[in-house]
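Here the structure is laid out as structure tokens; the discussion comes afterwards.
The values are calculated or read from the model by the stated rules, or taken from the named source; none is laboratory data. Model, not experiment: these values are computed from the prediction. Cβ placement follows ideal geometry from the backbone for every residue including glycine, while neighbour counts extend to all protein chains displayed.
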Amino acid sequence: MDANQQQLDNPFGMDEECTNCPNLCEPRDNVVHGYGDVGGEFLFIAERPHAGADENGVPFTGDAAGERLQWILGELGFVRSEPDAEKPDMQNAFCTYLTRCRHPERPPTETEIDTCEPYLNAEVRMMNPQIIVPIGQRVIESLAMEYTTRKPEAFDIDDDHATTIRGRGFELVPMIELDRQTDEDSEVFIEHVTENVFARDYRQTKGRQDR
């Protein structure tokens with residue numbers, strides 16, 4: 001895989017016909033791999049595609065949850081298109097998931113998350129972002145052992161929402177799940193990133209070559 005990609009949609013060319021999780025192949029519409037700027041410094045990770053993303057094949061599009069994140073990204077200057085765009089015009093940010101397939105009746109199993117982990121690990125390593133935004137309790141717990149010095153049970157997404165957590169080579173800025181996030185929650189997140197992340201040189205948190 002080449003990190004110097006220009007396309008936004010699945011820029012690392014990951015398998016779009018993946019059959020590693022047999023119980024997800026039939027109910028899914030699409031395998032939804034990452035989307036965005038591979039040179040971006042911000043990586044947004046949710047548990048699994050919402051219904052709109054499953055239908056469109058593009059992360060965080062096609063439904064209210066996706067439009068909420070796209071609006072947040074627009075307010076932060078990461079998106080130059082409207083929140084309902086089918087293929088957002090994104091810069092300095094990348095969006096992806098723990099699992100790439102959606103079962104309409106249940107969340108992913110731990111085995112499915114583990115099976116999909118190499119996709120996420122490859123994206124993180126290829127991007128080498130400055131800030132990781134785990135969206136939801138399950139995501140921050142899944143990232144805890146690899147990217148922080150805290151145990152998974154030490155996190156509470158409601159308490160940790162819109163705070164900065166020092167990680168292992170990254171900073172994490174957790175976000176409440178999009179489908180239960182209020183407008184106030186969104187505003188608090190935007191304010192925290194604007195005033196506490198953008199306002200300082202977050203690039204000093206890790207060694208990183210200039211792109």
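In the set GLU153, GLU82, which member is over 26 Å from GLU191 (Cα atoms) and not polar (S, T, N, Q)?
GLU153
Report, by residue number, each residue of the range 164-178 that is modelled with pLDDT of 95 or more and either part of a helix (DSSP H, G or I) or on the phi > 0 side of the Ramachandran plot (or both).
LEU178
When both residues are 6+ apart or on different chains and their Cβ atoms are under 7 Å apart, which pairs have a first residue that lies in the range 52-77 and is more than 22 Å from GLU191 (Cβ to Cβ) and aliphatic (A, V, I, L, M), and a second that is at pLDDT 95 or above and crowded, with 23+ Cβ neighbours inside 10 Å?
What qualifies is ALA53/VAL32; ALA53/PRO59; ALA53/PHE60; ALA53/THR61; ALA53/GLY66; VAL58/TYR35.
Do any helices (runs of 4 or more DSSP H) lying entirely in the range 1-116 carry at least 2 residues that are under 13 Å from the mean Cα position of the chain (by Cα), and which ones are they?
64-75
Restricting the search to the range 148-163, which residues are modelled with pLDDT of 95 or more and closer than 18 Å to VAL124 by Cβ?
Within the range 148-163, none qualify.
Which ones in the range 78-95 are small (Gly, Ala, Ser) and in contact (Cβ under 8 Å) with a residue 12 or more places away in the chain?
ALA85, ALA93
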